[in-house]
4 protein chains.
Amino acid sequence: MTYSVAVSGASGYAGGEILRILAAHPDIEIRTVTAHANAGQPLVQHQPHLRSLAHLTLQETTPEILSGHDIVFLALPHGQSGQYTDALTDVSLVIDAGADHRLSSSADWNAFYGGDFHEPWAYGVPELPTQAGKQRANLVGATRIAAPGCNASTVSLSIAPGIAAGVIDPTDLVSVLAVGPSGAGKSLKPHLLGSEILGSANPYAVGGVHRHIPEVKQALRAAGAAEVHLSFTPVIVPMARGILATSSAPITPGASDADIRAAWEHAYGEERFVQLLPEGTYPRTADVIGANTALLGLHIDRDVNRVTIVAAVDNLVKGTAGAAVQSMNIALGLDEGRALTVNGVAP
Amino acid sequence: MTYSVAVSGASGYAGGEILRILAAHPDIEIRTVTAHANAGQPLVQHQPHLRSLAHLTLQETTPEILSGHDIVFLALPHGQSGQYTDALTDVSLVIDAGADHRLSSSADWNAFYGGDFHEPWAYGVPELPTQAGKQRANLVGATRIAAPGCNASTVSLSIAPGIAAGVIDPTDLVSVLAVGPSGAGKSLKPHLLGSEILGSANPYAVGGVHRHIPEVKQALRAAGAAEVHLSFTPVIVPMARGILATSSAPITPGASDADIRAAWEHAYGEERFVQLLPEGTYPRTADVIGANTALLGLHIDRDVNRVTIVAAVDNLVKGTAGAAVQSMNIALGLDEGRALTVNGVAP
Amino acid sequence: MTYSVAVSGASGYAGGEILRILAAHPDIEIRTVTAHANAGQPLVQHQPHLRSLAHLTLQETTPEILSGHDIVFLALPHGQSGQYTDALTDVSLVIDAGADHRLSSSADWNAFYGGDFHEPWAYGVPELPTQAGKQRANLVGATRIAAPGCNASTVSLSIAPGIAAGVIDPTDLVSVLAVGPSGAGKSLKPHLLGSEILGSANPYAVGGVHRHIPEVKQALRAAGAAEVHLSFTPVIVPMARGILATSSAPITPGASDADIRAAWEHAYGEERFVQLLPEGTYPRTADVIGANTALLGLHIDRDVNRVTIVAAVDNLVKGTAGAAVQSMNIALGLDEGRALTVNGVAP
Amino acid sequence: MTYSVAVSGASGYAGGEILRILAAHPDIEIRTVTAHANAGQPLVQHQPHLRSLAHLTLQETTPEILSGHDIVFLALPHGQSGQYTDALTDVSLVIDAGADHRLSSSADWNAFYGGDFHEPWAYGVPELPTQAGKQRANLVGATRIAAPGCNASTVSLSIAPGIAAGVIDPTDLVSVLAVGPSGAGKSLKPHLLGSEILGSANPYAVGGVHRHIPEVKQALRAAGAAEVHLSFTPVIVPMARGILATSSAPITPGASDADIRAAWEHAYGEERFVQLLPEGTYPRTADVIGANTALLGLHIDRDVNRVTIVAAVDNLVKGTAGAAVQSMNIALGLDEGRALTVNGVAP
């Protein structure tokens, strides 16, 4: 069967990427695209790369327009999905690419986002280890899905296997991320101007204030950590897309090198879209651009008794839109990888 | 008086930057430039940006040609300076931009470089705290100077003040660096091609193998650390120049926030070229391009009980050529900042 | 049916892109990948983004190894295909991504390339107008195909419609191209280093010496020009992929604005992969990255009485590998767009 | 003597660059910096690279605050200088980096800018040939100076020598420019976001609508052209700074190759900041970053009977702020190159 789809926030980066992926999905008909300020304009004016969708016009984002589709994707600024999700009772599957339905703690929501709190939905990172198995189990047959934060899922996928296996200590984690500016969306802020970003590496949200921190901690607790402490420093670098996260965790006393590597192999050995590279090799973001793949390289550093995990993800695909479509495929009982590719566009 | 200067390795990036800085130095006459494969060609063919030196021709790099100058700068591949330094007995001041005279441990040299070991020279990072004061003391009147490794000095400057003040623990350090490819020199290696670097973040020398690690450890021991353990991960990002180093160190039990901040303020409060930014602000590499400035931002993260230091340096200036000229100025008794600027070229 | 394929030059950029596209082609089995210096190594060591082909090992490039496939793609340095093409008599379809079988004039070959001249094959730019119709006609049922030069096909597609319709004068053409370095291949040349390319716009092959000039002239003569004169200036800019060609041609006396626009609309109105944008809009290379699409914007500038055509192409897709696969599809009688997309990966 | 200076628009790119250059000028005291929305904030919050000016606070831009300085630089959005320049009667030297005092034709002003027309001032491109000699003559002792548009002066410098010498025909000029986004200022517009610019070449103001066109035509008429027709296409490419302009002009019948080359050699042979490169060599923008240098490469293309001139300029230095300071030096009778360098910051 063919599912009818509406995508809100269609003039933004996350919305555009959802559309790019869905445009190649054989089971999906993109019927409606909506926006806020740009309603009434052709989609292709804001997404000139989506040539196959040149016939679509942006409509207003209202519950009435979104209702009546089999599936609705929300790609709205954080804090704005909630007003729609309550009203979309007749929609079989709603997938929120914003943060509104990610956090289970209202205290975390208030501290990092603010505004009305909304209940958490199934978390759209299927491969992420949990104490009960994997997040995938929550997505099978799901009707409401929260796509992950791009930085959050990259770091969680990097660290969770070690926690699930008990080989690392989650109370002294350090993550430093080189990220492209598209993760911040199409926002008109001075620090996102091309002139500011070209030729420079710019730290932001330094010092425990990045909004993805509580999301990582929640995911790692779900993987078995009693308590999580995390130093998290993102750095914007001059590439439109991509996250290269370097994470470091203390090794649990007694864990052998073999134990450690086995933890990640166990977690991802059978996965298509999360792959552990052979020893001594590390991923580049170029290798995952346009792909739904997270590539991980792992080093056991006995000088500091830490595991270093280097992870490469396309923030707009595996970090957001690909994760959303992969989760949709699981929820609908389709092949998990439909319309998604493991091969990056490089160079 | 005017000092006559020869620069070897003048067709490379470090040599070119030494020349760019010296070209504006009122006390220096650039008399001779030498190269290896490119000898006989006009300098400007390899350094087309050095318009004021268009009259110079590259000569062979030989002891005979280098001798007879007041000052010689060596900007040769690592392991190649030693053969010349022994022969330049008549040269008043020799400054090596290579690694040959940086390390005091022959074991480190053999493990990370190999080939003949040479004695360590005065280390060209004047502001770096030592147990006795600062490295500057060793440079006053020096006749042989080793300019630092760019990544090494950036990380050492970030961490040393906390060690000197006893507020951090040097046995569990983590540094992740976003670096431009010019730090690797003008080498014809596939991973340095533009197509490989554009649009991508590429880790390299992951896992304790980077050659600057022993140099950092040596500098931190000089600052007072009994033992240093360091996880060090450099990531090449698409900017020609610049290092953005994020370093993290555990806080010594009992050290207060005020103690910690005071350590860095004490170390750099009177320095021109190493500046601690106000609380809550962090540097961008764009702010130091072309400048001899190291900018540091410091965050005390009580969630993990670690200090995070973000440092921005132009690898070719403060990281190499600027450090060399600053050290030269000190050795000669000139104003330390002559021909050097604190202002970056941004955007 | 499934066709068996061998790709030579599989460790380079053009070879890698052919593999990326074919990996998603339902009628193709990639059986063999070959290389020269890298033979014996895993493909993924040189193309780490091709995760779905991680099982393949690079073999030697020899006629014996290439023979016995239904289809062979050659992605070798210019001048090296000829030695293989003569020997591949048993291969039903050979597609050369090099220049060896593009030019019909041995004088042009000798002037711009040199070495043995080889006969021209069907030219792999299906949409290109010819006096007889389109190049597509030569590709139907073809057994030997020459994929185009990326800059050449971009400029030819820009200008040919005006020549075919007689509305522009081909004797005073001016083309200036902003191009990414991947068009130059994975060659270890100093001017292709990342440090040289980042933050800079670098002209190359200025002054009538670029090898794609005779290819453009040949294509424009095929479109009806008696004589072609062309000023052609490529500029390498800091993006891995993409060509943004700005071409300008004098308007034939008497040609109305409507005549002019109609010429391009007539040529491409029914085409999927070459699209003329609405008046007043112009393409960006980001819009075609990863896509087989050439986007054209056209301006009629009566101040100089010239038509300006701005064209955006991904040099590795529509410029090379996509053109090769599209031509293969046509030759085999498959849907022309199989495994190809019109949607770019942006931002 | 020391001149007191006020710079308005000090939080923008042009204002920042004027300050960066003046900070190294021995005859200048930067006393006042002003801004609009950012008044009251520290300068260094908006220009974190200007470390030596960290003591300055942005004041309101009012005639009262600007008055009472020896020299005032205006770096305001186009159309906003005029309201101040009328009031600054007591200021000895006013230099406008905006367009308000560039055009002599009110019709041009109305067509390309709109709003109140203001009288033209001495044009700040000293080296530009005029029928009477050079624009420099108008700057000696000037009290009111209009700094040039960056694209305009780059193209004018490229073409004017051929017009002055009568060797090219100004009625069929074609210029295509690869430009960095800093030329558009620190404006919050979607097409200037980093995500839009990274990895892409984006044409803008195509089709005779760019505001620098009348400025080029005016400069070329001053060089002797009776009539100028110009096709002008700028393309934003992913580098923060720099203009690489490729201009093409028909050769006047009878002009020999020697005549042509002599025209440019005659114009710039004695100039420090505008240099013609040797035959067969062409400039890169990297070679002029941070420098006040315009580098030109010239090719005589007899296939199309056109001269091709490739020019590299740093839009913020020789294109704007450097031109302003160079003009100031001339007006004040100082050495023309004071505080300016010919050497670029590369790589």
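Laboratory data are not the source of any read-out in this text; all were calculated from the coordinates shown. No experiment lies behind these values; they were computed from the predicted model shown. All Cβ positions, glycine included, derive from the backbone under ideal geometry; neighbour counts span all protein chains shown.
Annotations
- DSSP-defined antiparallel bridges as percent of all bridges, the protein assembly as shown, nearest 5: 45 percent
- Under 10 Å, Cβ to Cβ, from A:Phe112 - net charge with Lys/Arg +1 and Asp/Glu -1: -1
- Interchain or long-range residues, amide H under 5 Å from C:Phe232's placed H: C:Ser175, C:Gly207, C:Gly208
- Projecting the Cα positions of A:Ala249, A:Val237, A:Leu193 onto the charge dipole of the range A:183-250 (unit charges on Cβ atoms of Lys, Arg, Asp and Glu, taken about the Cα centre) puts A:Leu193 furthest along the positive direction.
- Per-residue Cβ neighbour counts within 10 Å put B:Lys186, A:Lys318 in the sequence B:Lys186, A:Lys318, beginning with the fewest.
- Using alpha-carbon coordinates, inclination of helix B:150-164 to the longest axis of chain B, degrees: 40 degrees
- Each Lys and Arg adds +1 at its Cβ and each Asp and Glu adds -1 at its Cβ; summed about the Cα centre, chain C shows a dipole of about 560 debye.
- Annotation for B:Thr62 and B:Ala87: the two label points, set 7 Å from Cα along the Cα-Cβ direction, are 0.8 nm apart.
- GNM flexibility winner over chain A from A:Arg31, A:Arg144, A:Arg261 (Cα, springs under 10 Å): A:Arg31
- Rounded to whole Hz, the Karplus (6.51, -1.76, 1.60) HN-Hα couplings of the range C:331-338, x for glycine and proline: 4, 8, x, 7, 4, 4, x, 4
- J(HN,Hα) series, the range C:15-23, from Karplus relation 6.51 cos²θ - 1.76 cosθ + 1.60, nearest Hz, glycine and proline x: x, x, 6, 4, 5, 4, 6, 5, 4
- Most tightly packed first, judged by the mean number of other beta-carbon atoms within 10 Å of their residues, the peptides C:136-143, D:303-310 read D:303-310, C:136-143.
- Couplings 3J(HN,Hα) of the range B:262-275, computed from phi: 4, 4, 6, 5, 4, 5, 10, x, 9, 8, 8, 9, 10, 10 Hz, in residue order, whole Hz [Karplus 6.51 cos²θ - 1.76 cosθ + 1.60, θ = phi - 60°; x for Gly and Pro].
- The range B:151-315: antiparallel DSSP beta bridges as a percent of all, rounded to 5: 70 percent
- Remark: mean inter-chain Cβ contacts per residue of B:242-255 equal 3, using a 10 Å Cβ-Cβ cutoff to other protein chain atoms.
- Spin-label zone in the range A:245-270 - amide nitrogen under 13 Å from a point set 7 Å from the Cα of A:Thr171 along the C-beta vector: A:250, A:252-253
- Proximal charge balance of C:Arg51 [Cβ under 10 Å; K/R count +1, D/E count -1]: 0
- Crossing angle, helix B:213-222 versus chain B [Cα axis fit, 0-90 degrees, rounded to tens]: 70 degrees
- Summarising the amide proton neighbourhood of A:Arg306: residues at separation of 5 or more, or on other chains, whose placed amide H is nearer than 5 Å comprise A:Ile251, A:Asp301.
- Size of charge dipole - the range B:151-315 - debye, nearest 20, with Cβ of Lys, Arg +1 and Asp, Glu -1, no other charges: 600 debye
- Label 7 Å beyond Cα on the Cβ vector: D:Gln41 copy-to-copy distances, nm: 2.6, 4.7, 4.9
- Cα gyration tensor category, rounded, prolate or oblate, for the protein assembly as shown with a/c compared to 1.5: rounded
- Here D:Ala24 yields copy-to-copy label distances, from shortest upward, of 0.2, 4.9, 4.9 nm, the label point defined as 7 Å from Cα along Cα to C-beta.
- Length-normalised contact order of the range A:151-315 in % [C-alpha pairs under 8 Å, at least 6 apart]: 31 percent
- Separation of the alpha carbons by more than 25 angstrom is noted, of D:Lys134/D:Lys186; A:Lys189/D:Lys217; B:Lys189/C:Lys217; A:Lys217/A:Lys318; A:Lys134/A:Lys217, for D:Lys134/D:Lys186; A:Lys189/D:Lys217; B:Lys189/C:Lys217.
- Whole-number percent relative contact order across chain B, with pairs defined as alpha carbons under 8 Å at least 6 apart: 17 percent
- Each Lys and Arg adds +1 at its Cβ and each Asp and Glu adds -1 at its Cβ; summed about the Cα centre, the protein assembly as shown shows a dipole of about 0 debye.
- With a 10 Å cut-off around each Cβ of D:49-57, the average count of Cβ atoms from other chains is 5.
- Using the average count of surrounding beta-carbon atoms within 10 Å as a protection proxy, the listed peptides C:236-243, B:104-111 rank, highest first, as C:236-243, B:104-111.
- Distance (nanometres) between label positions extended 7 Å along Cα→Cβ at D:Val209 and A:Asp335: 4.6 nm
- Cβ-based net charge around C:Thr85, under 9 Å, with every Lys or Arg adding one and every Asp or Glu removing one: -2
- Which of D:Phe112, C:Phe232 has the fewest Cβ neighbours within 10 Å, and the rest in rising order: D:Phe112, C:Phe232
- Between this copy and the others, label points of C:Gly79 are 3.3, 5.8, 6.4 nm apart in ascending order, each placed 7 angstrom from Cα in the Cβ direction.
- DSSP finds beta bridges in chain D, and of those with both partners inside it, around 45 percent are antiparallel.
- Structure-based [θ]222 nm, chain A - -39500 (n - 2.57) summed over DSSP H runs of at least 4, per residue, nearest 500: -6500 deg cm²/dmol
- Put the Cα centre of the range B:41-59 next to the Cα centre of the range B:211-228 and the gap is 38 Å.
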